[in-house]
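No value in this document is a laboratory result; all are computed from the given coordinates. Note that the coordinates shown come from a computational prediction; the quantities given were computed from them, not determined experimentally. No Cβ is skipped: glycine too gets one built from the backbone with ideal geometry, and neighbour counts run over all protein chains shown.
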Amino acid sequence: MTSATPAPRPVPPMPEYTPKALRAAIAAHTPALLPDFDAAWRRQIADAYDIGPVPAFMARWWGEYALARDPELDRHVTELESRAAEATDAETARKLLDEASRIRHELRDLEPGE
């Protein structure tokens with residue numbers, strides 16, 4: 001008898017690059033991130049008198065959502081970071097963190113719909 005493994009859930013596309021669309025995508029696909037997103041919005045943006053902080057906020061949360069929407073990639077990055085924390089030599093830790101950082105930076109470059 002064979003056991004069927006569930007098909008991996010398709011990775012949802014990136015939303016339109018606006019705070020409202022990003023929040024809606026987080027709510028729909030990665031709801032565990034929503035409390036942190038909302039708290040960061042209130043702390044960094046909601047009481048601001050200018051829109052200066054919005055680009056940095058969007059860059060950070062765009063990358064957070066891009067990673068969280070892909071559970072397999074999220075596990076991989078978490079594993080790289082965990083292995084770096086447990087590494088016994090600095091060179092190994094640096095290489096593992098460099099790879100995790102590279103992945104995170106590539107995700108920030110995704111376009112809507114990707």
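So which residues in the stretch 62-114 are hydroxyl-bearing (Ser, Thr, Tyr) and over 12 Å from the mean Cα position of the chain (by Cα), if there are any at all?
Listed by number, the residues that qualify are 82, 88, 92.
Here's a check for you: in the stretch 47-61, which residue that is within 13 Å of the chain's Cα centre (by Cα) and not basic (Lys, Arg) is surrounded by the fewest Cβ atoms within 10 Å (Cβ to Cβ)?
The qualifying residue surrounded by the fewest Cβ atoms within 10 Å (Cβ to Cβ) is 59.
Restricting to the stretch 29-52, name every residue that is under 30 Å from residue 10 (Cα atoms) and part of a helix (DSSP H, G or I).
Residues satisfying the conditions are 29, 31, 32, 33, 34, 35, 36, 37, 38, 39, 40, 41.
Applying the selection to the stretch 65-114, what residues are crowded, with 18+ Cβ neighbours inside 10 Å, closer than 13 Å to residue 15 by Cα and not aliphatic (A, V, I, L, M)?
65, 69, listed by residue number.
Considering every residue within the stretch 36-43, establish whether at least one is surrounded by 11 or more Cβ atoms within 10 Å (Cβ to Cβ), touching a residue at least 12 places away in the same chain (Cβ under 8 Å), more than 15 Å from the chain's Cα centre (by Cα) and under 15 Å from residue 66 (Cβ atoms).
Among the residues of the stretch 36-43, not one is surrounded by 11 or more Cβ atoms within 10 Å (Cβ to Cβ), touching a residue at least 12 places away in the same chain (Cβ under 8 Å), more than 15 Å from the chain's Cα centre (by Cα) and under 15 Å from residue 66 (Cβ atoms), which makes the answer no.
Tell me which of these residue 25 doesn't satisfy, since it passes every other one: (1) surrounded by 14 or more Cβ atoms within 10 Å (Cβ to Cβ); (2) over 14 Å from residue 107 (Cβ atoms); (3) among the aliphatic types (A, V, I, L, M).
In the conditions (1) surrounded by 14 or more Cβ atoms within 10 Å (Cβ to Cβ); (2) over 14 Å from residue 107 (Cβ atoms); (3) among the aliphatic types (A, V, I, L, M), residue 25 misses (2) alone.
Identify the single condition in (1) outside any loop (DSSP other than H, G, I, E, B); (2) in contact with a helix residue (DSSP H, G or I) (Cβ under 9 Å, 6 or more places away or on another chain); (3) free of Cβ contacts under 8 Å to residues at least 40 places away in the same chain; (4) under 27 Å from residue 114 (Cα atoms) that residue 84 does not satisfy, given that it satisfies every other one.
In the conditions (1) outside any loop (DSSP other than H, G, I, E, B); (2) in contact with a helix residue (DSSP H, G or I) (Cβ under 9 Å, 6 or more places away or on another chain); (3) free of Cβ contacts under 8 Å to residues at least 40 places away in the same chain; (4) under 27 Å from residue 114 (Cα atoms), residue 84 misses (4) alone.
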